[in-house]
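In what follows, a structure is listed as structure tokens, so that the remarks can point back to it.
The values are calculated or read from the model by the stated rules, or taken from the named source; none is laboratory data. Since we're looking at a predicted model, the values are computed, not measured. Note that we place each Cβ from the backbone using ideal geometry, even for glycine, and neighbour counts take in every protein chain shown.
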Amino acid sequence: MKSTPTPTATQMEKPHPCDVCFQSKFCLPIALQPSEMGRIRDVIQATVRVQKGEALFSTGQAMTKVYSVHAGSFKSYVTSSDGREQIVGFHIPGELMGLEGLGQHTYFTDTVALEDSEACEIDLRALETTTRDLPALQHQLHCIVGGKL
């Protein structure tokens, strides 16, 4: 009887989170053709879990990533000079967070999870490079940023 070899770890390709994500139709990958989805692997690197009340990023922190809400919800706020918190946004699945700092590469808000949540990490340098090569992705990002103004 002939046995079928078991695939090794290098032979089995782990699916990218975007391939199996129900939110991808609301996120950056919506702009991509199926043949272009492989390019997103360099851009969206991981999904991070953030506990309720925990910060995803903070004001003044160097910006190397933007984030897409995968599950749960977040709020972004600034702290006034007298110490009061002013909420500037709520974020639900499919929305991008951290875009305010694109020009200066510094986060301008504190963003915390309102419940146990997950966010996809989008590498900023890879995003900038990939959007140059994929005009549809660049257009989608411009539409998202334009909607935030």
Output for Cβ contacts, cut-off 7 Å, separation at least six or different chains, first residue aliphatic (A, V, I, L, M) and surrounded by fewer than 14 Cβ atoms within 10 Å (Cβ to Cβ) in region 32-48, second modelled with pLDDT of 75 or more and not in a helix (DSSP H, G or I), reads Ala46/Glu121
Among residues of region 60-81 being among the hydrophobic types (A, V, I, L, M, F, W, C) and crowded, with 21+ Cβ neighbours inside 10 Å, the residue farthest from Asp116 (Cα to Cα) is Val66
Selection over region 51-65 where residues are hydrophobic (A, V, I, L, M, F, W, C) and within 10 Å of Gly101 (Cβ to Cβ) yields a count of 3
By residue number, the members of region 74-112 that are within 17 Å of the chain's Cα centre (by Cα) and of a type in the set (Phe, Trp, Tyr) are Phe74, Phe90, Tyr107, Phe108
Has region 61-73 got any residue that is more than 16 Å from the chain's Cα centre (by Cα), in a loop (DSSP other than H, G, I, E, B) and closer than 17 Å to Leu141 by Cα?
no
Every listed condition ((1) touching a helix residue (DSSP H, G or I) at 6+ places or on another chain (Cβ under 8 Å); (2) closer than 21 Å to Leu134 by Cβ; (3) at pLDDT below 90) holds for Pro34 save (1)
Could you go through region 102-119 and let me know if any residue there is at pLDDT 85 or above, out of contact with any Asp or Glu (no Cβ under 7 Å at 6 or more places or on another chain) and of a type in the set (A, V, I, L, M, F, W, C). yes
Selection from region 78-109 of residues assigned to a strand (DSSP E or B), over 23 Å from Cys143 (Cα atoms) and among the hydroxyl-bearing types (Ser, Thr, Tyr) yields Thr79
